[in-house]
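Undergrad: Got a structure for you, written out below as structure tokens; questions coming shortly.
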Amino acid sequence: MDSDQGQIKLSSQYHAIPGAAYGISQSVLSGEITINKVNKSAFSQVKAFMAEVLEEPLFDCPYENRNQPFVFHILHWSTLMQQQQEIPVFGNSYLREIRKSDNGSITLFVAMPYSNIKCSVQSLVWIVNQYNHLTRQQEPLLSGNNNAAQSFMILQHSFRKYSVKGVNTFFFLEAAKKLNIPFFEALPGTFRLGTGKYLRYIQSTLTDSTSFFGVKACQNKKQTATLLRQAGLPTPKHKQVRNAEQAVKAAEMLGYPLVIKPADRDRGQGVYINLQDSTTVTEAFNAARKHSPNILLEKHQQGNRYRFTVFNGRVISVFFRLAAGVTGDGINTVEELINIECQSPHLRQHFRRTGKEFLILDKEALSVLADSGLTEKSIPDKGQYVALRKNSNISTEGPFIDFSNKNVHPDNINLAIRAARVLSLDFAGVDFITQRIDKSWLETESIICEVNAKPQIADTITPEQYQGILSELMKGKWRIKAHLLIFHPEISRPSFQEITQITQDLQCNAFSTADGVWVNSTQVTGSFKNSFEAARALFSYEEIDAGIAVMSTAEVLRFGLPIDHYNSIRFFQSKIEYVDIKENMTFKSTYELLEKHSSNVSLL
């Protein structure tokens, strides 16, 4: 049998298109895939393995001819592998058969979304290598000679440095894709959403409306507490200390129990709670100093710590996070419960995403167990929760209990809203400690221990809530009317007067060419390197109600489309004779690239 039977061959080179193309709403990577008859056994094994490690449903395949569904699977798995590491690539790929060979193999042109070229290519190569190995060796993917799980984890680990910045950002971009909101990365970790007068910027939960004053204030817990106290809101008593000796003296003044934490760190870094004596204060100070030189000592407040997430003047979630741990079943030891829990889908996914196990029997876990009179060999009662961490903040990644629809006293909700307003924040994570969430803070000993200007909300809200937040942020609108005028420089180039007239005919108040951007008949920019960059600038102007971008066919093929959807796309043709843009060789390749990006493509 031919050794190449069923083998897949990939392009040696790929073409990166920075704009949208082939129905894909973000940057596109294109190339070729050649395949002979699909080896069904190898395909089934790869499919089963990918279903196990990705734990994501496969999109409906729009292709039915010969090997196209198999290639579609490969491209889709590549996308999911990147998504698992929060690399923002979304949606289906595009493929088309371009040639057949005498030996029965076919070559497909393929285009797929990309955020980082290296990740897209490496994920594709890894999948193809697994399949090709099976067609040659007929070995299971988990055999000693080809441990796919191990190589998969190594590859996933290498992707982590390319993850989008900010815990929330990936989920907002995923929501933007579902809502059909155009976006692209304007700065590392900062994304531009929408067009024209609907344009917004986000960086995680920081937006273009977030107060610089509030962000700066929240970067120092002492300053945050001062501002809240000035507004009459409850805050902890604390002192800033420079060394362990000062910390011990301040502890005697404040009285035990105490908390030590850095003034300028978040996510629970360097926080040590319920300190009972000078020895633990000294140890905690020295440990906290590893995170920051700015250390606060404050009175420990008894109670549970609740996170109120505030957005646009209302509380959108309330939750209480437990310290990481396990729940007893009356049968297994703590050690066995940890091993069982680590095999849960949630924790397996967490491990693949981060490469870290947070349920481990380390020094801290053994110490917490000892404080509770337990060891790793103890068998907790059924339903008994056994903590393995001292703190219950977001960095310990313990489970949380949602109180959003429970009996939270209105005064406590209003307190969180007021705290966000004092700090001029549109988004805020307000950490509130109280013994009774159903009682007013005015009637109980309660404090606001911290306010985060960029709260991490990924674990506490649903994908639908992300969409709701984003829709509200965009005020329900995100696209102005957009048109595209394409010309072939060797056939006909529109004059400035012709462009101006077309702009008026389409009721646009702005247009762009490589020579610049015009808004309300006034040139507002200088020239650009190319018309793609000019069009990106065009759709960033908030004065624009409707705009038209002018690009050459060569620039469309090289750069793609500046945005992913147009009310109309028109090919400029000054000659009288009719040209079929779907068949004419001058326009055919350009038409293929853009036909899925407008329902109104025509010759002008």
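The values are calculated or read from the model by the stated rules, or taken from the named source; none is laboratory data. Given the structure is predicted, the values throughout are model-derived calculations rather than measurements. Heads up, the Cβs are rebuilt from the backbone with ideal geometry, glycines too, and the neighbour counts pull from every protein chain shown.
Undergrad: Testing Ser292 on (1) under 30 Å from Ser158 (Cα atoms); (2) without any contact (Cβ under 8 Å) to a residue 24 or more places away in the chain; (3) not charged (D, E, K, R), one condition comes back false. Which one is that?
TA: Unmet condition: (2).
Undergrad: In the stretch 397-408, is there at least one residue being surrounded by 14 or more Cβ atoms within 10 Å (Cβ to Cβ), among the charged types (D, E, K, R) and more than 17 Å from Arg267 (Cβ to Cβ)? Let's see the steps before the verdict.
TA: First, the residues of the stretch 397-408 that are surrounded by 14 or more Cβ atoms within 10 Å (Cβ to Cβ): 397-400, 403-404, 408.
Then keep just the ones that are among the charged types (D, E, K, R); that gives 397.
Remaining after also requiring more than 17 Å from Arg267 (Cβ to Cβ): none.
No; the residues of the stretch 397-408 include none that is surrounded by 14 or more Cβ atoms within 10 Å (Cβ to Cβ), among the charged types (D, E, K, R) and more than 17 Å from Arg267 (Cβ to Cβ).
Undergrad: Restrict the check to the stretch 204-219 and report whether at least one residue is of a type in the set (Ser, Thr, Tyr) and either free of Cβ contacts under 8 Å to residues at least 12 places away in the same chain or assigned by TED's automatic domain parsing to the domain that holds Ile563 (or both). Explain how you work it out, then say what you get.
TA: Residues of the stretch 204-219 that are of a type in the set (Ser, Thr, Tyr), as a first pass: 204-205, 207, 209-211.
After this cut, where a residue has to be either free of Cβ contacts under 8 Å to residues at least 12 places away in the same chain or assigned by TED's automatic domain parsing to the domain that holds Ile563 (or both) as well, the list is none.
Checked the stretch 204-219: no residue is of a type in the set (Ser, Thr, Tyr) and either free of Cβ contacts under 8 Å to residues at least 12 places away in the same chain or assigned by TED's automatic domain parsing to the domain that holds Ile563 (or both).
Undergrad: Give me the residue from the stretch 88-110 that is among the aliphatic types (A, V, I, L, M) and in contact with a Lys or Arg (Cβ under 9 Å, 6 or more places away or on another chain) and, out of that set, modelled with the highest pLDDT.
TA: Initial filter on the stretch 88-110 (among the aliphatic types (A, V, I, L, M)): 89, 95, 98, 106, 108, 110.
Applying the additional criterion that residues be in contact with a Lys or Arg (Cβ under 9 Å, 6 or more places away or on another chain) yields 106, 108, 110.
Working: Ile106: 90, Leu108: 93, Val110: 96.
For the stretch 88-110, the residue satisfying everything is Val110.
Undergrad: Right, another one. Which condition breaks for Arg99 when tested against (1) closer than 30 Å to Ala458 by Cβ; (2) of a type in the set (Lys, Arg); (3) not in a loop (DSSP other than H, G, I, E, B)?
TA: (1)
Residues are listed down the side, and each one gets a yes or a no for (1) assigned by TED's automatic domain parsing to the domain that holds Gln26; (2) in contact with a strand residue (DSSP E or B) (Cβ under 7 Å, 6 or more places away or on another chain); (3) over 25 Å from Leu179 (Cα atoms); (4) in contact (Cβ under 8 Å) with a residue 60 or more places away in the chain:
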site	(1), (2), (3), (4)
His73	yes, no, no, no
Pro88	yes, no, no, yes
Tyr94	yes, yes, no, yes
Arg99	yes, yes, yes, no
Ile106	yes, yes, yes, yes
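Undergrad: In addition: Filter the stretch 294-336 for residues that are over 27 Å from Phe358 (Cα atoms) and part of a loop (DSSP other than H, G, I, E, B); which is modelled with the lowest pLDDT?
TA: The extreme case among them is Asn294.
Undergrad: Pull up the stretch 131-172, narrow it to residues that are of a type in the set (Val, Ile, Thr) and closer than 17 Å to Glu185 by Cβ, then point me to the one that is modelled with the lowest pLDDT. Let's see the steps before the verdict.
TA: First, the residues of the stretch 131-172 that are of a type in the set (Val, Ile, Thr): 135, 154, 164, 167, 169.
From the residues that got through so far, the ones that are closer than 17 Å to Glu185 by Cβ too are 164, 167, 169.
Working: Val164: 92, Val167: 79, Thr169: 94.
Across the stretch 131-172, the extreme among qualifying residues is Val167.
Undergrad: Is it true that some residue in the stretch 15-36 is at pLDDT below 85, surrounded by 15 or more Cβ atoms within 10 Å (Cβ to Cβ) and closer than 24 Å to Ser105 by Cβ? So that I can check it myself, show each step before the final result.
TA: Going through the stretch 15-36, the residues at pLDDT below 85 turn out to be 36.
Filter once more, keeping what is surrounded by 15 or more Cβ atoms within 10 Å (Cβ to Cβ): 36.
Next cut, closer than 24 Å to Ser105 by Cβ only: 36.
Scanning the stretch 15-36 turns up at least one residue that is at pLDDT below 85, surrounded by 15 or more Cβ atoms within 10 Å (Cβ to Cβ) and closer than 24 Å to Ser105 by Cβ.
Undergrad: Right, something else. Looking only at the stretch 470-493, count every residue that is surrounded by fewer than 19 Cβ atoms within 10 Å (Cβ to Cβ) and over 22 Å from Phe184 (Cα atoms) and tell me the total.
TA: Going through the stretch 470-493 one residue at a time, the tally reaches 6.
Undergrad: Considering only residues that are at pLDDT 60 or above and among the hydrophobic types (A, V, I, L, M, F, W, C), look in the stretch 382-398 and name the one that is nearest to Arg321 (Cα to Cα).
TA: Result: Ala387.
Undergrad: Please enumerate the residues belonging to the stretch 409-421 that are surrounded by fewer than 20 Cβ atoms within 10 Å (Cβ to Cβ) and not acidic (Asp, Glu). Write out each step before concluding.
TA: First pass over the stretch 409-421, keeping only residues surrounded by fewer than 20 Cβ atoms within 10 Å (Cβ to Cβ): 409-411, 413-414, 417-418, 421.
Within the stretch 409-421, His409, Pro410, Ile413, Asn414, Ile417, Arg418, Arg421 meet the criteria.
Undergrad: Okay, moving on. For the stretch 461-558, please list each of the helices (runs of 4 or more DSSP H) lying entirely inside it that holds at least 1 residues being under 30 Å from Tyr14 (Cβ atoms). Before you say what the answer is, go through the steps one by one.
TA: Working: elements: 463-473, 496-505, 531-538.
Helices (runs of 4 or more DSSP H) meeting the threshold: 531-538.
Undergrad: Only one of Phe72, Phe109, Phe90 is under 20 Å from Gly560 (Cα atoms) and under 28 Å from the mean Cα position of the chain (by Cα); which?
TA: Values: Phe72 fails: under 20 Å from Gly560 (Cα atoms); Phe109 fails: under 28 Å from the mean Cα position of the chain (by Cα).
Step by step, each of Phe72, Phe109, Phe90 is checked, and only Phe90 is under 20 Å from Gly560 (Cα atoms) and under 28 Å from the mean Cα position of the chain (by Cα).
Undergrad: Residues being within 17 Å of Lys596 (Cβ to Cβ) and either β-branched (Val, Ile, Thr) or buried (at least 20 other Cβ atoms within 10 Å of the Cβ) (or both): count how many of those fall in the stretch 72-91. Before the answer, list the steps.
TA: Applying the first criterion (within 17 Å of Lys596 (Cβ to Cβ)) to the stretch 72-91 yields 72, 75, 90-91.
Retained after the next criterion (residues that are either β-branched (Val, Ile, Thr) or buried (at least 20 other Cβ atoms within 10 Å of the Cβ) (or both)): 72, 75.
The total comes to 2.
Undergrad: Separate question: So which strands (runs of 3 or more DSSP E) are wholly in the stretch 166-273 and hold at least 1 residues that are under 15 Å from the mean Cα position of the chain (by Cα) and surrounded by 15 or more Cβ atoms within 10 Å (Cβ to Cβ)?
TA: 183-187, 190-193, 200-203
Undergrad: Given the condition modelled with pLDDT of 95 or more and in a loop (DSSP other than H, G, I, E, B), answer yes or no: does some residue in the stretch 566-581 qualify?
TA: So in the stretch 566-581, the residues modelled with pLDDT of 95 or more come out as 566-569.
Narrowing further to those that are in a loop (DSSP other than H, G, I, E, B): 566-567.
Yes, because at least one residue in the stretch 566-581 is modelled with pLDDT of 95 or more and in a loop (DSSP other than H, G, I, E, B).
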